[in-house]
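Novice: So that we are looking at the same thing, I have put the structure below in structure tokens.
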Amino acid sequence: MNGKSMRFQAKVQVWLRSGIADPEGNTVSEAINALGYPGIDDVRMGKIISMNVEADSKESAERRVSEIATSLLSNPVLENAEIQINEA
């Protein structure tokens, strides 16, 4: 970093890819219907990871968070990871 770093709020949303079985989502879907809410299906469960990032630019923060998302927070073979970066 060149000394003029900025602070960003990053959110990484991770969920199973389409076509990958989601037993947790199926259980929630069954419970929703059992509670009397018909017409809801294809429930997919996931996770949201929130972090603060110091970087020279939004693009730099996005690159770093993307690397973290694909190497640590998700399994790119089974899961999708979507990144959102905002100035803190």
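The values are calculated or read from the model by the stated rules, or taken from the named source; none is laboratory data. From a predicted model like this one, the values you see are computed outputs, not experimental measurements. We place every Cβ from the backbone using ideal geometry, glycine too, and count neighbours over all the protein chains shown. When the accessible area is computed, the model is the full protein with side chains, heavy atoms only, and any ligands, DNA or RNA have been set aside. Shrake-Rupley method; radii C 1.70, N 1.55, O 1.52, S 1.80 Å.
Novice: Work out the FRET efficiency for Lys11 and Asp41 from their Cβ-Cβ distance, taking R0 = 22 Å, and round it to the nearest 0.05.
Specialist: It comes to 0.25.
Novice: Taking the radius of gyration and the Kirkwood hydrodynamic radius from Cα positions alone, what is the Rg/Rh ratio for the stretch 27-68, to two decimal places?
Specialist: On the Cα set of the stretch 27-68, Rg over Rh gives 1.36.
Novice: Between helix 58-68 and the chain, what is the angle of the helix's C-alpha long axis to the longest principal axis, kept within 0 to 90° and rounded to the nearest 10?
Specialist: Between helix and principal axis, roughly 50 degrees.
Novice: Next question. With an 8 Å cut-off on Cα pairs and a minimum separation of 6 or more residues, tell me the relative contact order of the chain in percent.
Specialist: 49
Novice: Relative to the longest principal axis of the C-alpha atoms of the chain, give the angle of the C-alpha long axis of helix 23-34, reported between 0 and 90° and rounded to the nearest 10°.
Specialist: 50
Novice: Among Val28, Val53, Val14, which one shows the highest mean-square fluctuation when the chain is modelled as a Gaussian network with alpha-carbon springs under 10 Å?
Specialist: Between Val28, Val53, Val14, it is Val28 that shows the largest mean-square fluctuation.
Novice: Accessible area per residue for the chain in Å², computed with a 1.4 Å probe and the full protein assembly in place, what is it?
Specialist: Per-residue value: 70 Å².
Novice: Same structure again: Considering only protein heavy atoms and a probe of 1.4 Å, how much of the accessible area of the chain is carbon and sulfur, as a whole percent?
Specialist: In the chain, the share of accessible area belonging to carbon and sulfur is 50 percent.
Novice: Here is a further query. Quick one: net charge of Ala31's neighbours, Cβ under 15 Å, K/R +1, D/E -1?
Specialist: Result for the neighbourhood of Ala31: -4.
Novice: Moving to a separate point now. Which label marks the calculated value of mean projected area of the Cα convex hull in nm², given the options (i) 6.4; (ii) 5.1; (iii) 7.0?
Specialist: Given (i) 6.4; (ii) 5.1; (iii) 7.0, the calculated one carries the label (iii).
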